[in-house]
Amino acid sequence: AQPDSPAHVAILPSPGMGHLIPLAELAKRLVHQHNCSITFVIPTDGSPSKAQRSVLGSLPTTIRSVFLPPVNLSDLPEDVKIETTISLTVAREMKEPVKIPGCLPIDGGELLDPAQDRKNDAYKWLLYHTKRYRLAEGVMVNSFTDLEKGSSTGFARVPGVEGSECLKWLDDQPHGSVLFVSFGSGGTLSLDQITELALGLEMSEQRFLWVARSPNDAVSNATFFSVDSHEDPFNFLPKGFLERTKGRGLVVPSWAPQPQVLSHGSTGGFLTHCGWNSTLESVVSGVPLIVWPLYAEQKMNAWMLTQDIKVALRPKASGNGLIGREEIANVARGLMEGEEGKRVRNRMKDLKEAAARVLSTEDGSLSELARRWKNQKWN
Ligand code: UDP
């Protein structure tokens with residue numbers, strides 16, 4: 001690019017809504033505040049999901065998206081882990097030319113030699129070198145200084161478009177009275193655990209809004225790629241649960257407009273799987289947490305939230321590995337009504353103010369990065 005011409009930035013989100021959503025927010029910032037143009041290059045294992053289409057469709061027209069040809073994952077073993085699936089989806093056996101923004105489409109076979117034969121040492125060396133992040137001039141971190149001292153970056157969230165039912169229901173609830181329960185874009189529980197959670201919420205006598213997905217006893221993250229629920233949504237809940245909690249609780253299938261739910265005045269707590277986006281969104285809205293980590297780095301986030309910055313309570317699993325209904329009821333009551341809940345809520349309030357300060361100031365690090373991209377001389 002010429003020094004003053006806008007930079008054209010290619011963004012490659014790895015699969016999962018939790019990766020696409022924050023990058024969409026970054027793209028909007030780069031367009032609105034730094035006049036960049038953006039192309040999303042999106043890997044996929046099938047056609048785009050409803051949620052993906054809705055996020056991409058809500059972006060300004062200056063942000064383009066290109067879907068890479070779907071990767072066939074049907075031959076993977078049954079116990080394949082999510083990290084393997086993600087990596088295989090973004091590692092590309094391309095049949096069509098690779099469309100790299102700003103370049104002529106190029107056949108995979110034309111890419112650099114060492115990328116061609118994965119069994120060869122040269123390929124391993126290529127990976128080794130490209131992994132040495134330490135030599136890079138900088139690393140972008142999705143966080144802010146007061147939350148994590150070593151890194152600083154700005155972000156803002158604009159809520160999604162679905163789920164007006166939840167928001168209407170929240171409008172009718174008392175201020176700060178509702179516990180929002182959600183396990184991110186992919187988290188699911190076993191049938192036994194769902195039963196305990198349902199009965200625990202019922203016993204707690206708290207108001208709740210629960211994004212409840214079908215149980216998946218085999219793999220806890222199987223819906224990571226596709227959040228659309230295909231079955232009768234609530235046949236897995238305990239008998240009579242919906243009737244008994246009617247009015248006090250609302251259960252929604254698959255997806256809720258989480259940032260809007262968290263910033264709604266009626267929401268007073270969040271039982272979360274501790275995905276990083278969920279963590280940031282609750283901080284921005286000042287909503288105290290109950291942590292229930294499931295996979296990926298969520299246990300580390302839960303540890304930080306409970307032990308370090310102390311804005312969360314954590315229920316304990318019993319001997320059989322399940323978190324029991326009494327424990328859930330106690331922790332839910334504790335957060336919404338108890339003394340410990342009050343302390344946690346106050347600390348979260350302070351953190352919310354710190355987040356607001358970050359969001360209201362011009363973000364130096366992003367401006368600096370955009371300036372560098374603009375001035376980059378491409379060979
Ligand atoms: N999300 C949402 N509605 C839902 C579930 C998730 O809007 O019902 C959004 C949530 O606001 C967040 C993202 O999906 O932006 C989930 O990201 P996170 O890092 O918390 O967890 P992951 O899904 O990657 O495990």
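Among 69-75, 170-176, how do they line up by average Cβ neighbours within 10 Å per residue, starting with the highest?
On the way: 69-75: 11.3, 170-176: 13.1.
The densest-packed peptide leads the list: 170-176, 69-75.
Evaluate the distance, in nm, between pseudo-label points positioned 7 Å from the Cα of Glu96 and of Thr61 along their respective Cα→Cβ axes.
2.3
Whole-Hz ³J(HN,Hα) for each residue in the stretch 328-343, computed from phi via Karplus 6.51 cos²θ - 1.76 cosθ + 1.60 with θ = phi - 60°, x for glycine and proline: what do you get?
4, 4, 5, 5, 5, 5, x, 6, 7, 10, x, 5, 4, x, 4, 5
Taking amide H atoms as placed 1.01 Å from N in the peptide plane, list the residues 5 or more away in sequence, or in a different chain, whose amide H sits under 5 Å from that of Arg248.
Result for Arg248 returns nothing.
Please sort 246-256, 181-191 by packing, taking for each peptide the average over its residues of neighbouring beta carbons within 10 angstrom, highest first. Don't jump to the answer; show the numbers that get you there.
Values: 246-256: 17.7, 181-191: 22.9.
Most protected by this proxy first, the peptides run 181-191, 246-256.
What are the ³J(HN,Hα) values, in whole Hz, obtained from phi via the Karplus relation 6.51 cos²θ - 1.76 cosθ + 1.60 with θ = phi - 60°, for each residue of the stretch 246-254 in sequence order, with x given for Gly and Pro?
My calculation for the stretch 246-254 gives 3, x, 8, x, 10, 10, 10, x, 6 Hz in order.
Tell me, what does the Kirkwood hydrodynamic radius of the stretch 260-348 come to in angstroms if you use every pair of distinct C-alpha atoms?
Details: mean 1/r = 0.0766 Å⁻¹.
13.1 Å is the Kirkwood radius here.
For a Förster distance of 22 Å, can you work out the FRET efficiency between the beta-carbons of Asp217 and Ser318, rounded to the nearest 0.05? Numbers along the way, then the final one.
On the way: r = 18 Å, r/R0 = 0.81.
My answer for the efficiency is 0.75.
Once both labels are modelled 7 Å past Cα along the beta-carbon direction, what's the Glu353-Glu83 spacing in nm?
Between Glu353 and Glu83, the label points sit 4.0 nm apart.
Taking every Cα atom in the stretch 302-379, find the radius of gyration and the maximum pairwise distance Dmax, and write them in Å.
When restricted to Cα atoms, the stretch 302-379 yields Rg and Dmax of 20.7, 64 Å.
Readers should treat all values here as calculations from the given coordinates under stated rules, not as data from a laboratory. Note that this is a predicted model, so its numbers are computed, not measured. Cβ: placed from backbone, ideal geometry, glycine included. Neighbour counts: every protein chain shown.
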